[in-house]
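The values are calculated or read from the model by the stated rules, or taken from the named source; none is laboratory data. Since we're looking at a predicted model, the values are computed, not measured. As a convention, Cβ positions derive from the backbone with ideal geometry for all residues, glycine included, and neighbour counts pool all protein chains shown.
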Amino acid sequence: MSEEETIIVPSEPIEPIEQPIEQPIEQPIEQSIEHPIVYDEAKVNKYRLLSIKFIESNKKDLLRIYLQHSKTDGDGVLAINLNEVEDKSNVDVSYIPFTVLPIDLIAKVNERKLENNENVIYFLLITPYEEKLIEIDIRSIT
């Protein structure tokens with residue numbers, strides 16, 4: 001199944017992303033779809049920058065986890081969960097095989113695989129403000 005590993009996040013100051021989001025991020029609440037939550041762009045950008053720094057600082061370990069689990073568990077994504085980074089100063093990383101992913105996410109990954117080559121791996125970035133599929137060419141990691 002999936003294995004969860006904890007990686008400590010470096011305590012570096014967070015700098016703003018140079019290109020801010022043009023539209024506010026909206027994420028509907030299941031019970032009340034007609035009342036979406038609009039998040040502060042600065043908070044969304046803070047987590048995006050934190051995720052970039054985390055991936056850059058831990059890219060070799062993340063690649064190792066991804067390759068190890070994709071061989072044993074089949075196709076999937078590496079989830080990087082930043083939901084508790086501010087409270088616990090750690091990031092949960094786990095491999096999620098296609099067998100437990102929602103069908104729409106599997107379809108999106110498969111669609112992207114048709115556009116990319118076998119050197120691209122897929123991460124699911126989870127923050128308090130968004131869930132985002134990220135693609136990284138492993139040739140840029142080594």
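Pairing each residue of segment 63-90 that is farther than 21 Å from L105 by Cβ with any residue that is among the hydrophobic types (A, V, I, L, M, F, W, C) and loosely packed, with under 14 Cβ neighbours inside 10 Å, provided the two are 6+ apart or on different chains, yields C-beta distances under 6 Å for N90/I8.
Any residue in segment 28-36 that is at pLDDT 80 or above and not aliphatic (A, V, I, L, M)? Checked against the condition, which is being at pLDDT 80 or above and not aliphatic (A, V, I, L, M), segment 28-36 yields no hits at all.
Evaluate segment 111-121: report whether one residue or more is at pLDDT below 95 and part of a strand (DSSP E or B). Taking every residue of segment 111-121 in turn, at least one turns out to be at pLDDT below 95 and part of a strand (DSSP E or B). Residue-level analysis places K43 among those that are modelled with pLDDT of 80 or more, charged (D, E, K, R) and more than 28 Å from K113 (Cα to Cα). Within the option set D87, D61, being of a type in the set (D, E), modelled with pLDDT of 90 or more and not in a loop (DSSP other than H, G, I, E, B) holds for one residue only, D61. With the structure loaded, tell me whether V77 is in contact with a helix residue (DSSP H, G or I) (Cβ under 7 Å, 6 or more places away or on another chain), modelled with pLDDT of 95 or more and not charged (D, E, K, R) or whether it fails that test. It is true that V77 is in contact with a helix residue (DSSP H, G or I) (Cβ under 7 Å, 6 or more places away or on another chain), modelled with pLDDT of 95 or more and not charged (D, E, K, R).
Condition check ((1) within 19 Å of L50 (Cβ to Cβ); (2) out of contact with any strand residue (DSSP E or B) (no Cβ under 7 Å at 6 or more places or on another chain); (3) among the β-branched types (V, I, T); (4) at pLDDT 90 or above) across all residues:
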residue: S70; (1), (2), (3), (4): no, no, no, yes
residue: N81; (1), (2), (3), (4): yes, no, no, yes
residue: V93; (1), (2), (3), (4): yes, no, yes, yes
residue: I126; (1), (2), (3), (4): yes, no, yes, yes
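Scanning segment 122-142 for residues being surrounded by 13 or more Cβ atoms within 10 Å (Cβ to Cβ), assigned to a loop (DSSP other than H, G, I, E, B) and not hydrophobic (A, V, I, L, M, F, W, C) gives a total of 4.
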